[in-house]
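Novice: Questions regarding the structure given below will be posed in turn.
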Amino acid sequence: MAFITGPMRKHVNGHKELTSHAEVVKVDAGSKVLIPLINMGSTTVEVLVKEGDRVKVGTKVAVRNDHFKVPLYSSVSGTVKGIEKVMHASLRPVDHLAIENDGKYEEEAPLKPIDPNSASVEELVDFMMEAGIVGCGGAGFPTYIKYKGIKGIETLIINAVECEPYITADYKQMHESLNELKVGVSTMKKMCKAAKAYVCIKETKKDFIPTLIETFKEFNDIEVKAVPDVYPMGWERTLVYEVTKKRYDKLPSEIGVVVNNASTAIAFAHAMLCGMPIVKKMVTVSGDAVNTPCNVEVPVGVSAAEVIKACGGYTAEDVLLIAGGPMMGKTITSDAFVITPYSNALTVLKNTPVEQVPCLRCGKCSDHCPAGLQPVRINNAEKAKNIDALKKLDVMSCIECGLCTYICPSKIDVTEGVRRAKRYMSLQKK
Ligand code: SF4
Ligand code: SF4
């Protein structure tokens, strides 16, 4: 398997200035929220409430109950109305728990706050699981799995790189929650028994790096590390290599590394200090087709339509609405999908037609692929439905970073072809 054989050093225009210094807008839920009954593609979710039940902000309403345990919590107070099937940000119809919002936001902290200094590692891992902490950088992976029974870890990497264009949610959240960031990072370091932790941020964040250094100055073993402003520096493999100069096969733990996102550390600390799980999210709403680009703080389960309305609405008739950033996010044709505990951005772009020309065979897509793939050959194999060729081309290693489309001078959506090939391979496996 080829990893990081491409140059993986492409500066892409960040457009971060649209939101990085704008005020955070607090968005309330409307008359109803929809809590998605899904985690990381798994819909093996047990619902713990029934129609007519009263719930509060923080009431445990469901739990993913297969090989992973991930509780889901209500983000409003009100009345359970039942299950609705709605398009999810992952582009598939998924059951959602509908809760009528009474607008009072009465809270019940479902967890007893825990002192990270006196608690044992096992208690902290259990707490992390009960709090339903998942990767907040868009992945949604249950975080406790990275720490449960983990041994031989030397390095904890906190990913605050946020390399996707337009997205500034982590940056804003760190600004607003420095104490939580400090508590979250130091506790995660304790949990994985790492000798050293690095908080990694782009070197271009010159205004914020001194604040971060000041935040962690009491720790000899937590270092703020400035990393190059290239894409996809926030991809786990790229970042691990940048920090350790080591490569791994499947998981960073193979080389003694654990990686977590900065906003995940903040969410974990918030739960430890207040007993409240992730019931609201910081989400970047940006792009050239939304009236007021900004970061919003919004309850989980609020629709993209409501969030965009709170940002002044669309500025064009024909837009591309992307759940996530423009490189790795998914374009969705309806804005009815809702904010999840791991949403980090809504990107709204004018749908400007691009004139595609036939492949020039320039090889740029292969040269720049950070996973060392040959995207154009994958596209051709997918068109020919040549499963053997797709296997040889290692299509499933694609991380859908979007760089092959970005780089293509012929304006071919190469990434979409690779995604189709991955779907085709998955279907063939089934
Ligand atoms: S999206 Fe394209 S460039 Fe990115 S990993 Fe996949 S094939 Fe490579
Ligand atoms: S970058 Fe575009 S034009 Fe160049 S080889 Fe790849 S698909 Fe063809």
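Where a number appears in this text, it was derived from the coordinates with a stated rule and is not lab data. From a predicted model like this one, the values you see are computed outputs, not experimental measurements. With ideal geometry, Cβ positions are generated from the backbone for all residues, glycine too; neighbour counts draw on all protein chains shown.
Novice: For residue 287, which sequence-distant residues (separation of 5 or more, or a different chain) have an amide H within less than 5 Å of its own amide H, given hydrogens modelled in the peptide plane?
Specialist: Amide H neighbours of residue 287, under 5 Å, 5+ apart: 348.
Novice: Taking the alpha-carbon centroid of each part, what is the distance from the stretch 278-348 to the stretch 186-264 in angstrom?
Specialist: Distance between centres, Cα-based: 27 Å.
Novice: So which trypsin sites (Lys or Arg not before Pro) in the stretch 41-142 end up in coil per DSSP with only 10 or fewer other C-beta atoms within 10 Å?
Specialist: Taking the stretch 41-142 and a limit of 10 other Cβ atoms within 10 Å, the loop trypsin sites (Lys or Arg not before Pro) found are 50.
Novice: Give me the net charge of residue 355's neighbourhood, meaning all other residues with Cβ under 15 Å from the Cβ of residue 355; Lys, Arg count +1, Asp, Glu -1.
Specialist: Summing Lys and Arg as +1 and Asp and Glu as -1 gives 0.
Novice: Here's another thing I want to ask about it. Using Cα centres only, tell me the gap between the stretch 108-164 and the stretch 366-422 in whole Å.
Specialist: Between the Cα centres of the stretch 108-164 and the stretch 366-422 lies a distance of 34 Å.
Novice: Still on this structure, I have one more. Whole-Hz Karplus ³J(HN,Hα) for the stretch 387-400, in order, using 6.51 cos²θ - 1.76 cosθ + 1.60 and θ = phi - 60°, x for Gly and Pro?
Specialist: 5, 5, 5, 4, 5, 4, 7, 6, 4, 5, 7, 5, 9, 6
Novice: If you stretched the chain out fully between residue 11 and residue 386, how much longer would it get, using 0.36 nm times the residue separation minus the C-alpha to C-alpha distance?
Specialist: Difference between extended and current length: 131.6 nm.
Novice: Of the DSSP beta bridges with both residues in the chain, give the percent that are antiparallel, rounding to the nearest 5.
Specialist: 65
Novice: Also, I was wondering about something else. May I ask you to evaluate 6.51 cos²θ - 1.76 cosθ + 1.60, the Karplus curve with θ = phi - 60°, for each residue of the stretch 58-75 and list the ³J(HN,Hα) values in order in whole Hz, giving x for glycine and proline?
Specialist: x, 5, 6, 10, 6, 8, 5, 9, 10, 6, 10, 10, 9, x, 10, 10, 6, 9
Novice: Go through the stretch 401-418 residue by residue and turn each phi into a ³J(HN,Hα) via Karplus (6.51, -1.76, 1.60, θ = phi - 60°); whole Hz please, and just put x for glycine and proline.
Specialist: 6, x, 5, 5, 5, 4, 7, 5, x, 8, 6, 8, 7, 4, 4, 4, x, 5
Novice: What's the ranking of 142-151, 273-282 by average number of surrounding C-beta atoms within 10 Å, highest first?
Specialist: Per-residue Cβ counts within 10 Å, averaged per peptide and sorted highest first, yield 273-282, 142-151.
Novice: Taking amide H positions as placed 1.01 Å from N in the peptide plane, with prolines and chain starts having none, which residues 5 or more places from residue 225, or on another chain, fall under 5 Å of its amide H?
Specialist: 199, 200, 201
Novice: Report the relative contact order of the stretch 121-274, percent, no decimals, based on alpha-carbon pairs under 8 angstrom and at least 6 residues apart.
Specialist: 35
Novice: Within the stretch 263-331, which GluC sites (Glu not before Pro) sit in a loop by DSSP and count at most 12 neighbouring Cβ atoms inside 10 Å?
Specialist: Filter output for the stretch 263-331: 317.
Novice: Taking 8 Å as the Cα distance limit and 6 or more residues as the minimum spacing, I'd like the relative contact order of the chain as a percentage.
Specialist: Over the chain, the number comes to 19 percent.
Novice: Then there is this: Can you pull out the GluC sites (Glu not before Pro) in the stretch 96-180 whose DSSP state is coil and whose Cβ has at most 16 other Cβ atoms within 10 Å?
Specialist: Sites meeting the loop and neighbour criteria: 106, 108, 154.
Novice: Please list the non-local residues whose amide H lies under 5 Å from the amide H of residue 77, H modeled 1.01 Å from N, same-chain partners needing a gap of 5 or more.
Specialist: Under 5 Å from the amide H of residue 77 lie the amide H atoms of 57, 102, 103, 104, 105, 106, each far enough along the sequence or on another chain.
Novice: Moving on to the next point. Could you work out how much longer the chain between residue 28 and residue 118 gets when fully extended? Use 0.36 nm per residue separation minus the Cα distance between them, nm to one decimal.
Specialist: 28.8 nm
Novice: Anything over 32 Å Cα to Cα? Flag those among 56/85; 206/245; 69/245; 205/383; 172/246; 189/422, in the order listed.
Specialist: 69/245; 205/383; 189/422
Novice: What is the magnitude of the charge dipole of the chain about its Cα centre, with +1 placed on the Cβ of each Lys and Arg, -1 on the Cβ of each Asp and Glu, and no other charges, expressed in debye to the nearest 20?
Specialist: Rounded to the nearest 20 debye, it is 1520 debye.
Novice: Related question: Just to confirm a number: summing +1 for Lys and Arg and -1 for Asp and Glu over residues other than residue 151 whose beta-carbon lies under 13 angstrom from that of residue 151, what do you get?
Specialist: Spelling it out: positives minus negatives among the neighbours equals +1.
Novice: Under a Cβ-Cβ cut-off of 13 Å, what is the net charge of the residues other than residue 310 that fall near it, where Lys and Arg count +1 and Asp and Glu count -1?
Specialist: Once all neighbours under 13 Å are counted, the net charge is -3.
Novice: Grab the DSSP H runs of the chain that are 4 residues or longer, score each as -39,500 (n - 2.57), total them, divide by all residues and round the 222 nm result to the nearest 500 deg cm²/dmol.
Specialist: So the helix-based figure for the chain works out to -7500 deg cm²/dmol.
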